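Engineer: Structure below; questions to follow.
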Amino acid sequence: MKSITETQAGLFQEALNLLSDKLLEDEGRIGVTFPYVTAADGSWDTMLASESAGYTGDAWSHGNWFCGFWVGLLLAAYVHRRDDRHLRLARERMKLVAQRADDPNTHDIGFIFNASAVPGHFITGEPEFAATGLRAAAKLRSRLVRTDRGAYISSWGSLDDPRARCSSAIDTMANLALLYWAAQITGDASYLVAGEAHAKMTRDAFIRPDMSTYHAVQYDLPSGVRARGYTFQGYADESCWSRGQGWAILGFTDTARATGQRDYLELANELADYFLKRIGDDPVAFWDFDDPALPNAPRDTAASAILANAFLKMADIDPDQARAGRRREQGLWLLEKLCGAPLAREVGHRGLLKHGCYSKPHNIGPDAAVLFGDFYFVDALCRAVMPGRFGPILEKL
Ligand code: GLY
């Protein structure tokens, strides 16, 4: 497998150094709140970990699904620097995040605990991390909705709410990793079955013939037939929201790894080819590939970071050596480019990757550092420069 170039090694170390320094500086400023997007002046906007998701009238709010990424970044800085301050802070922050493990309102507990409890347990072996992660995994599994065509995980809202019960989002694909981890830790195959069931329904209902994806799908119940595809954070119902395409690629890669089935890896590759076709030579994706304002539309560095992250994992598990090599090169290319102009080297900017786009339709962080983008970027950097330290080395299928 291709090793990283000297230039890449220098850039990746620089990014991890920036991260490690900024985290310690910011910890002194944020109190018990957690950063999520940067404001126009580069400072972090923050919120409490306890802020759950929910509807206000018809308006949906994701709440704080970012808090686990902060813990994950502290842990990544710890394995990079071996400075105990990062680990101590990660443990303290985890106490604030843990309350969300029982949150019945959102699939995003997958993001929260996959980024925090899972690496926390991997790095330290401490049972508290595993116990918290397993509580969240059980809650996520309980969001499964059964239909005549199979079962899927509902994304947004309490299952008592019919709006929540009948719909699911492409983002959930990235949350399946928590279920797959729980299956491995406990030996309870029901987590694996639940995750794969969701992946199968997503494969059948979310992917258009050209291999672009819907952001969300409303199912007819109990048939499980797609009633409509729509968007919440993308440009339009029939457009392709680039980050959603990234979540799909990552989630089908995780599903291939967890089930050992190559079909899911083939699917991840087809979805990835679509993404690459839409970005061409430009490593930073537009926030939505079909925004008519292109090329004067916002970018989303997070979407490209997620793609880079998925590519390094695809490369690790793909038994086709030639394709694995290509994916690794593409992943490293994306990381190198993200370490160029998007990397926030200036002291006043508190994130790592500038020009992410949290939610353009809601005007929240439409051109900002977004904490999840920083996390998937850093997770990929760790895989590139210190494999096996932040997460497991993946085996070939
Ligand atoms: N909730 C996942 C996302 O905004 O991408």
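The values are calculated or read from the model by the stated rules, or taken from the named source; none is laboratory data. Not measured: the values here are computed from a predicted model. Neighbour counts are summed over all protein chains in view; Cβ atoms, including those assigned to glycine, are modelled from backbone coordinates with ideal geometry.
Engineer: I need a count of the residues in segment 144-156 that are part of a loop (DSSP other than H, G, I, E, B) and under 19 Å from the mean Cα position of the chain (by Cα).
Structural biologist: Selection size over segment 144-156: 2.
Engineer: Let me ask something else. For residues in segment 159-170 being outside any helix (DSSP H, G or I) and within 16 Å of the ligand (Cβ to nearest atom), which is nearest to the chain's Cα centre (by Cα)?
Structural biologist: Selected residue: 170.
Engineer: Follow-up question, since we're still on this one. Can you find even one residue in segment 265-274 that is at pLDDT 95 or above, within 16 Å of the ligand (Cβ to nearest atom) and of a type outside the set (D, E, K, R)?
Structural biologist: Yes: one or more hits.
Engineer: Another question, if that's okay. When residue 193 is evaluated against the numbered criteria (1) crowded, with 21+ Cβ neighbours inside 10 Å; (2) in a helix (DSSP H, G or I); (3) of a type in the set (A, V, I, L, M), which criterion, by number, is the only one it fails?
Structural biologist: Result: residue 193 fails condition (1) only.
Engineer: Could you grab me the full set of residues in segment 214-257 that are buried (at least 18 other Cβ atoms within 10 Å of the Cβ), in contact (Cβ under 8 Å) with a residue 60 or more places away in the chain, farther than 19 Å from residue 299 by Cα and more than 13 Å from the chain's Cα centre (by Cα)?
Structural biologist: 216, 219, 224, 255, 256, 257
Engineer: Counting only residues that are farther than 22 Å from residue 8 by Cα, under 17 Å from the mean Cα position of the chain (by Cα) and not polar (S, T, N, Q), which one in segment 343-359 is nearest to the ligand (Cβ to nearest atom)?
Structural biologist: Going through the qualifying residues, I end up with 358.
Engineer: Of all residues in segment 360-378, count the ones that are within 15 Å of the ligand (Cβ to nearest atom) and surrounded by 22 or more Cβ atoms within 10 Å (Cβ to Cβ).
Structural biologist: Residues in segment 360-378 being within 15 Å of the ligand (Cβ to nearest atom) and surrounded by 22 or more Cβ atoms within 10 Å (Cβ to Cβ): 11 in total.
Engineer: Let me ask you something else. Residue 33 is checked against (1) crowded, with 16+ Cβ neighbours inside 10 Å; (2) under 15 Å from residue 374 (Cα atoms); (3) not acidic (Asp, Glu) and fails just one. What number does that condition carry?
Structural biologist: The failed condition is (2).
Engineer: Name the residue, out of 111, 129, that is buried (at least 21 other Cβ atoms within 10 Å of the Cβ), of a type in the set (A, V, I, L, M, F, W, C) and within 16 Å of the ligand (Cβ to nearest atom).
Structural biologist: Just a single option satisfies the conditions, and that option is 111.
Engineer: So, one more: Would you be able to say whether some residue in segment 171-187 is touching a helix residue (DSSP H, G or I) at 6+ places or on another chain (Cβ under 9 Å), within 14 Å of the ligand (Cβ to nearest atom) and outside any helix (DSSP H, G or I)?
Structural biologist: yes
Engineer: Looking at (1) within 16 Å of the ligand (Cβ to nearest atom); (2) more than 19 Å from the chain's Cα centre (by Cα), which one does residue 135 not meet, given that it meets all the others?
Structural biologist: Among (1) within 16 Å of the ligand (Cβ to nearest atom); (2) more than 19 Å from the chain's Cα centre (by Cα), the lone unmet condition for residue 135 is (1).
Engineer: For segment 42-64: of the residues being part of a strand (DSSP E or B), at pLDDT below 95 and not hydrophobic (A, V, I, L, M, F, W, C), which is farthest from the ligand (Cβ to nearest atom)?
Structural biologist: Within segment 42-64, the match that is farthest from the ligand (Cβ to nearest atom) is 56.
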